[in-house]
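Before any comments, here is the structure.
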Amino acid sequence: MSKTYYDFKTIESKWQKFWEENQSFHVSEKSQRPKFYCLVMFPYPSGRIHMGHVRNYAIGDVIARYKRMKGFNVLHPMGWDSFGLPAENAAIKHNVHPSEWTYDNIAFMKTQLKKMGLSYDWSREIATCNEEYYGLEQKLFVRMYEKGLVYKRKSFVNWCPDCETVLANEQVVDGQCWRCENEVVQKELEQWFFKITAYADELLKGLESLRGGWPERVLTMQKNWIGKSIGVEVAFPIEGKKESLKIFTTRIDTVYGVTFMSMAPEHPLVLELIKGKAQEGEVRSQIERLRKQDRRDRMDETSEKEGFFTGAYCLHPLTQEKIPIYVANFVLMEYGTGAVMAVPAHDQRDFEFAKKYRISIKVVIQPQGQALNSEMMTEAYVSEGVQIHSGAFDGMMNDEALEKIADFLEEKKVGKRSIHYKLRDWGISRQRYWGSPIPMVHCSSCGTVPLPEKDLPVLLPKDVKFTGKGASPLAEHFSFVNTPCPKCHQPARRETDTMDTFVESSWYFARYTCPDALDPLDISKVDYWLPVDQYIGGIEHAVLHLLYSRFFSKVLRDLGFLHADEPFQRLLTQGMVIKDGAKMSKSKGNVVDPDELISQYGADTARLFSLFAAPPEKDLDWNEAGVEGSFRFLKRVWSKASELIEENVKMPLPPSLDQMNESEKKLYRKIHQTIKKVSEDIEDSYHFNTAISSIMELVNEIYLFDAQQNPQESSKGLSFEAVKTVVILLTPFCPHICEELWEILGEKGTVGKLPWPHWDDQALKEETVEMVVQINGKVRGRFQVHVSLGQAELEAKILEDEKLKKLIGPGPVKRFVHVPRKLVNVIV
């Protein structure tokens, strides 16, 4: 073997072939080892992997390989989140079927992942666009429907009149269609929903069980998204109508300060309220304009508050005052009841709206000892205070009035205490082709009917046309749409919506445990593997994907498919890869191609750099010099191992620590310090960067030790042992070079199947320590002293040192100040 040439291309190709041919990472439930399920969020097959993938999958692979060496039965699968709009866009642009485009991308990206040396059990591979997978998903849909967890209702969607299609929120840019750049409108369509709100309280309470395993930031985001609020529902009768305007408030203490009502532009009663009024035409156009506004802008507290008077009034249930009803852009139909009681004196949004439209402001809470003047107020008063203008509740502190007014409303039967959630049911309808067809049929006699399981799966027809305009291609496919009713067998119409792609990613982790099961899941295998012990993915999935997965787990539990309450026990949210001050992306032109990187430096270098440059949870700043440094380090390891092999060094260690010389003790101690450091850094915090750094320090120590040219055979044996330790500890990070070195070092088996090494506690005990010597607080010297040296002996040693004697001078020493094992300060 060449002493200096590290032929990474040959090495990596050799070991990737070995792992594949020997099914090295194949795993089953039939094992006496404890299980460990390590999962990285599966990718969308866009065509090529990027550096974010390299980092993400390298993190997961280190954990999986380490846990195998620690004696665990490790499940580490991979698959493809392969439904979605980009495939349809490709079909339109390139005149290729979405299936062909998707599977070509999967084949290419799979090759790329294999070049990284990732230890996946490819026998469990999943593609969510596979007919078997989405067919089983349709079974789950039907069972959820039968359990009352699926329903259909009207909902507003983003609609592009030019493209004649529904757009997802992310496809609306500044109120315009991302494709044609024409204005997007809100359109009301029948949509399918999953009843996630049925699990709102359980989803909220379950967050406590994840504390310590999930980042606090993610737990907080989910808690806020679910948004539990305890308050009061109140009905405000509409003047001249049978209906009432129902509102929910957490601030019932301000109910006497209501001066107007605010409704969402989408509220179903709005058009009824303006009907027949002089301003009806103008109001309709205003409603349409407000509906077009971006929902995120409408929710932003800093954005302009807009609205208009409907011409209608409601009656205050306690005072019988006439309250004008306005439509306001900051009220959303999907939150609360779609209407709010507006108290401008004590809510900033209401305050700004009232000032703009010259609506009266009524103070009902003021600070103790102060009197607020509504005409002089420059902002809403939202702090605690004393009730005024509040009938029988005047003079109470507002926190006491909260309960008293709620009691009063319930007694009067015009209000009731209630719990509301910000969480809304999950709208899963997509007017797309490339998704799982919803297995429902619409019959004029029987209504909406689920397909029986024997008629599943509903397959996507292959012969469809993609124009990018109009309804889903499925709606234009005669033989797909027209089907007999499964109940009465009369002609009926098949549902042409497909499911949101978040549905597929909400249960894939369970399917990995039993990819060959004929039913959606095999409970015995699911219960063996779930929950996932370590889940890894981006913070951008903190709410939707992770929340939907938690919801699906609870549904699957209630359907009898599993017992785990939560899908993911621990969660690691990795940082982004940054280059030139921005996240890598094609649009910014700062992308680094992983294929080119691996071709130039090898997969082990790419893995090592992505793991060494930053802790997993932090952003990684791309650095070409850092890549070069990682490559140089691997060449140093290779060179040192080559040197030992060429010298045919494989000799025994000294029989005990006591028989080693000082140089040997130092290296032996460093070996075991490194084993401890690497083990703890991986086990406790996944701080791979500091683990790698300690391995680098050990390599430096080996080079220093060998440079001292210790002549005895035991020293050469110790050097050999140190290199072996480096190879073992480096294996989870850089598996190819380590397998090759293990083989050519003459060791048995593959290094990846070795047990993880243990450190020697005795070796960790330092025999000597460095003592800093100060004179009147200034550092004047350093000593290596034995740990057993007493204070009197140390003081004598200092006074005997020629250099220190001159610095101390002839005067008497007043005292010695000792900091054990660290320093001595000589006061003169």
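The values are calculated or read from the model by the stated rules, or taken from the named source; none is laboratory data. Given the structure is predicted, the values throughout are model-derived calculations rather than measurements. All Cβ positions, glycine included, derive from the backbone under ideal geometry; neighbour counts span all protein chains shown. These area figures cover heavy atoms from the full protein model, side chains too; ligands, DNA and RNA do not enter into them. Shrake-Rupley method; radii C 1.70, N 1.55, O 1.52, S 1.80 Å.
Residues that are without any contact (Cβ under 8 Å) to a residue 12 or more places away in the chain and closer than 22 Å to residue 26 by Cα within region 479-516 comprise just one, 516. Taken as a whole, the structure leaves residue 269 outside the set of residues that are open to solvent by less than 10 Å² (accessible area, probe 1.4 Å) and under 18 Å from residue 329 (Cα atoms). Beta carbons closer than 9 Å, at least 6 apart along the sequence or on distinct chains, pair a first residue in region 562-582 that is at positive phi with a second that is of a type in the set (A, V, I, L, M, F, W, C) and open to solvent by 20 Å² or more (accessible area, probe 1.4 Å) for 580/622. A single member of 565, 595, 604 is more than 30 Å from residue 694 (Cβ to Cβ) and either part of a helix (DSSP H, G or I) or of a type in the set (Val, Ile, Thr) (or both), and it is 595. Against the numbered list (1) buried (at least 19 other Cβ atoms within 10 Å of the Cβ); (2) of a type outside the set (Asp, Glu); (3) outside any helix (DSSP H, G or I), residue 96 comes up short only at (1).
Of the helices (runs of 4 or more DSSP H) that lie entirely inside region 246-354, those containing 3 or more residues that are not basic (Lys, Arg) span 270-274, 280-292.
When region 100-151 is limited to residues that are among the small types (Gly, Ala, Ser) and over 30 Å from residue 21 (Cβ atoms), the one that is most open to solvent (accessible area, probe 1.4 Å) turns out to be 148. Assess whether residue 332 counts as being more than 46 Å from the chain's Cα centre (by Cα) and of a type outside the set (Ser, Thr, Tyr). Spelling it out, it is not the case that residue 332 is more than 46 Å from the chain's Cα centre (by Cα) and of a type outside the set (Ser, Thr, Tyr).
Identify the residue in region 477-505 that is of a type in the set (A, V, I, L, M) and farther than 18 Å from residue 43 by Cα and, among all such residues, is surrounded by the fewest Cβ atoms within 10 Å (Cβ to Cβ). Looking at the filtered set, the residue picked out is 481. Across region 68-83, the qualifying residues are those that are touching a residue at least 40 places away in the same chain (Cβ under 8 Å) and open to solvent by 10 Å² or more (accessible area, probe 1.4 Å), and the one among them that is nearest to the chain's Cα centre (by Cα) is 81. The residue that is most open to solvent (accessible area, probe 1.4 Å), among those in region 226-266 that are of a type in the set (D, E, K, R) and more than 30 Å from residue 397 (Cα to Cα), is 242.
Among the residues of region 1-49, those identified as open to solvent by 80 Å² or more (accessible area, probe 1.4 Å) and either part of a helix (DSSP H, G or I) or within 22 Å of residue 516 (Cα to Cα) (or both) are 9, 10, 17, 20, 21, 22, 23, 26, 30. When residue 209 is tested against the conditions (1) of a type in the set (S, T, N, Q); (2) under 25 Å from residue 570 (Cα atoms); (3) assigned to a strand (DSSP E or B), the lone failure is (3). Applying the criterion of at least 3 residues that are within 27 Å of residue 61 (Cα to Cα) to the helices (runs of 4 or more DSSP H) found wholly in region 449-538 leaves 508-511, 523-529.
Does residue 107 satisfy the criteria of being under 30 Å from residue 737 (Cα atoms), part of a helix (DSSP H, G or I) and touching a strand residue (DSSP E or B) at 6+ places or on another chain (Cβ under 8 Å)? Here the answer is no, as residue 107 does not meet what is asked. Within region 162-176, can you find the residues that are at pLDDT below 80, part of a strand (DSSP E or B) and either more than 23 Å from residue 287 (Cα to Cα) or not hydroxyl-bearing (Ser, Thr, Tyr) (or both)? Scanning region 162-176 gives 166, 167, 172, 173. Of the residues making up region 453-491, those that are under 23 Å from residue 161 (Cβ atoms), in contact with a strand residue (DSSP E or B) (Cβ under 8 Å, 6 or more places away or on another chain) and of a type in the set (D, E, K, R) number 1.
Every residue, every condition in (1) in contact with a His (Cβ under 6 Å, 6 or more places away or on another chain); (2) surrounded by fewer than 20 Cβ atoms within 10 Å (Cβ to Cβ); (3) over 21 Å from residue 632 (Cα atoms), yes or no:
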position	(1), (2), (3)
657	no, yes, yes
662	no, yes, yes
667	no, no, yes
673	no, yes, yes
682	no, no, yes
685	no, yes, yes
689	no, yes, no
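Within the set 372, 290, the sole residue that is in contact with a Pro (Cβ under 7 Å, 6 or more places away or on another chain) and either modelled with pLDDT of 95 or more or not acidic (Asp, Glu) (or both) turns out to be 290. Every listed requirement among (1) touching a strand residue (DSSP E or B) at 6+ places or on another chain (Cβ under 9 Å); (2) over 19 Å from residue 67 (Cβ atoms) is met by residue 724 save one, (1). When you look at residue 782, is it open to solvent by 80 Å² or more (accessible area, probe 1.4 Å), over 47 Å from the mean Cα position of the chain (by Cα) and under 27 Å from residue 657 (Cβ atoms), yes or no? Answer is yes for this residue.
Being under 23 Å from residue 72 (Cβ atoms), open to solvent by 20 Å² or more (accessible area, probe 1.4 Å) and touching a strand residue (DSSP E or B) at 6+ places or on another chain (Cβ under 7 Å) holds for only one residue in 508, 528, 535, 512, and it is 528. Against the test of being in contact with a His (Cβ under 7 Å, 6 or more places away or on another chain) and either modelled with pLDDT of 95 or more or not small (Gly, Ala, Ser) (or both), the options 458, 414, 464 yield a single qualifying residue, 464. Listed by first and then second residue, the pairs linking a residue in region 359-382 that is surrounded by 10 or more Cβ atoms within 10 Å (Cβ to Cβ) to a residue that is of a type in the set (Ser, Thr, Tyr) and not in a loop (DSSP other than H, G, I, E, B), with Cβ atoms under 8 Å apart and 6 or more places separating them unless they lie on different chains, are 359/326; 362/256; 364/254; 364/256; 365/254. In region 729-755, the residues that are in contact (Cβ under 8 Å) with a residue 12 or more places away in the chain and in a helix (DSSP H, G or I) reach residues that are polar (S, T, N, Q) and buried (at least 17 other Cβ atoms within 10 Å of the Cβ) with C-beta atoms within less than 6 angstrom, at least six apart or across chains, in these pairs: 738/731; 739/750; 751/731; 752/731. The number of residues in region 393-427 being in contact with a helix residue (DSSP H, G or I) (Cβ under 7 Å, 6 or more places away or on another chain), open to solvent by less than 60 Å² (accessible area, probe 1.4 Å) and assigned to a loop (DSSP other than H, G, I, E, B) comes to 3. Within region 538-568, the set of residues being open to solvent by less than 20 Å² (accessible area, probe 1.4 Å) and over 25 Å from residue 224 (Cα atoms) comprises 561, 562. Considered as a group, the residues in region 568-592 that are out of contact with any Ser or Thr (no Cβ under 9 Å at 6 or more places or on another chain) and part of a strand (DSSP E or B) include one that is farthest from residue 620 (Cα to Cα), and that residue is 571.
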